[in-house]
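To keep things clear, I will list the structure first and then write my remarks on it.
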Amino acid sequence: MPRGQKSRHHGRAKRRHDQNKAQRDGQQTATAAEAPPPSLQSLPVAESCSTPQEPQGAAHATAASAADSYTASGNNPTGQDKERKSTYNTLIPTHSLDRELCGMIVLLEQFLLYKYKMKQPIFRADMLKLIKRSHLHKFDEILKKASEHIDIVFALEMKEGDSAFRSYDLVSKLKLPNNGRVRPGRGLPKTGLVMNILGMIFMKGNRATEEDVWKLLSMMGVYAGRKHFIYGEPRKLITRDLVRLQYLEYQQVPDTDPARYEFLWGPKAHAETSKMKVLEFVAKINDTVPAAFPSQYEDALRDEEERARTKHAAMPSNVARASGALKFRCSVCSSTHS
C-alpha cells in the first residue's frame, strides 16, 4: 500500500477508535451520574426483598432486641406473645414480590439516600427513570416500600415538597444538627441510631444499662472502638456527642462498685419526640401496633395526657377555654357514634 494511502487509512482508524472511546466514556459517565456510589451498596436491603437466609441488617437487629426488651420489662408473655416474639425475629419475609421488583426497590432506596447524602433535591421524574417500563404501574408501591425501609433504618420520613415540580424531601424525625448528621457534611443521618437507643431505654423502663445498649448496637453491627461507615466511632457519638446535644443522659448507676453506667432520655429527646412516637417507631420495626406492648403503651398514653395538660395550661385563658370546649364536643361526638 502506498505510504500516503496507508497514512490516510491509519488516520481514519484512529479517529474511529477515538470516537468509540468517547462514546463509551460518555455512556459510563451518564451511568455513574445516575447511579448511587458503591459505598451505598452495603446499606441494609429492604426486608420485603429478603429471604430467610438473607440478613435483615439494622431492622432485623432492632426487631429482635425490641422483642427481648418487651419480655424483660416485667410482662408475662402468653402463648400469643411468644408467637409474636418469634415473628419479630423473622420480620415475616415477603416472597410475593418478584426479584426484578425487589431490585428496583433496593435501587430506589439507594438513590434516595444518595440524594439525601449529597443534599440534592428528589424529583419524581428522576425516580421514574430508574423503574423499568414494565413496572411503571407499580411505582407507588416501589416508592412506598423503599421509603418505609429508610424510615425504619434511618428514621427519615418521606414528605412531599413542591407539588408543582413533584419533588420530595427526606426529613429527620429528630432535630439533630444538619438534618440528622450531627456534624456538618454529606454523611448519612444518625437519627435511626438515636431512635433505636431511645426505644431501648423506654422499653427497659425508661433507663437502660450501658451493657444493654451495647448489646443492641452489636446486633446492628456497631461496636465501641470500631469505626462504622454510617455512625463513625460509636462510643464518641453516643457518650459524648449525643450527651452534649442533650439527646441522652449518661450517668453512673447508684451504689455500684466497680462503677456501672446507664442511659436515660435527655431534655432534647423529651422536647422533640414522645414516648408514643418512639413506641410507634418500635412497633413499625416489629410490624405491629403500639398496643402490642401493653405496659409501654399505657405509659405512653399517660405521657400524652400529661403533655396535653401542660400545653393547655400554657395557653392564654381564652384560647384554652376554646380548646377545651372543642375537645369536649369531639369527645361527645365520638362516644355517640362509637
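The values are calculated or read from the model by the stated rules, or taken from the named source; none is laboratory data. In this text, all values refer to a predicted model and were calculated from it rather than measured experimentally. Reconstructed Cβ throughout: ideal geometry from the backbone, glycine too, with neighbour counts over all protein chains shown. We work out accessible area using only protein heavy atoms, side chains counted, and drop any ligands, DNA or RNA first. Shrake-Rupley method; radii C 1.70, N 1.55, O 1.52, S 1.80 Å.
Taken across segment 202-218, residues that are open to solvent by 70 Å² or more (accessible area, probe 1.4 Å), at pLDDT 95 or above, under 21 Å from the mean Cα position of the chain (by Cα) and under 20 Å from residue 174 (Cβ atoms) do not occur at all.
Being open to solvent by 30 Å² or more (accessible area, probe 1.4 Å) and modelled with pLDDT under 95 is the requirement here; does residue 249 meet it? Considered against the rule, which asks whether it is open to solvent by 30 Å² or more (accessible area, probe 1.4 Å) and modelled with pLDDT under 95, residue 249 comes out as no. Among the residues examined, residue 244 qualifies as surrounded by fewer than 15 Cβ atoms within 10 Å (Cβ to Cβ), under 25 Å from residue 179 (Cβ atoms) and either in contact (Cβ under 8 Å) with a residue 60 or more places away in the chain or more than 19 Å from the chain's Cα centre (by Cα) (or both). Filtered by the rule that a residue be within 23 Å of residue 268 (Cβ to Cβ), open to solvent by 10 Å² or more (accessible area, probe 1.4 Å) and hydrophobic (A, V, I, L, M, F, W, C), segment 147-169 gives a lone residue, 152.
Residue-wise test of (1) without any contact (Cβ under 8 Å) to a residue 24 or more places away in the chain; (2) more than 27 Å from residue 273 (Cα to Cα); (3) touching a His at 6+ places or on another chain (Cβ under 7 Å).
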site: 109; (1), (2), (3): no, no, yes
site: 137; (1), (2), (3): yes, yes, no
site: 151; (1), (2), (3): no, no, no
site: 161; (1), (2), (3): no, no, no
site: 169; (1), (2), (3): no, no, no
site: 173; (1), (2), (3): no, no, no
site: 202; (1), (2), (3): no, no, no
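Does residue 221 fit the bill of being touching a residue at least 60 places away in the same chain (Cβ under 8 Å), in a loop (DSSP other than H, G, I, E, B) and closer than 20 Å to residue 150 by Cα? It is true that residue 221 is touching a residue at least 60 places away in the same chain (Cβ under 8 Å), in a loop (DSSP other than H, G, I, E, B) and closer than 20 Å to residue 150 by Cα.
Can you find a residue in segment 232-244 that is assigned to a loop (DSSP other than H, G, I, E, B) and either closer than 22 Å to residue 109 by Cα or not aliphatic (A, V, I, L, M) (or both)? Yes, segment 232-244 has at least one match. Checking each residue in segment 265-303 for being surrounded by fewer than 15 Cβ atoms within 10 Å (Cβ to Cβ) and not in a helix (DSSP H, G or I) picks out only 289.
Being out of contact with any Gly (no Cβ under 8 Å at 6 or more places or on another chain), among the acidic types (Asp, Glu) and at pLDDT 90 or above: is that true of residue 169 here? Considered against the rule, which asks whether it is out of contact with any Gly (no Cβ under 8 Å at 6 or more places or on another chain), among the acidic types (Asp, Glu) and at pLDDT 90 or above, residue 169 comes out as no.
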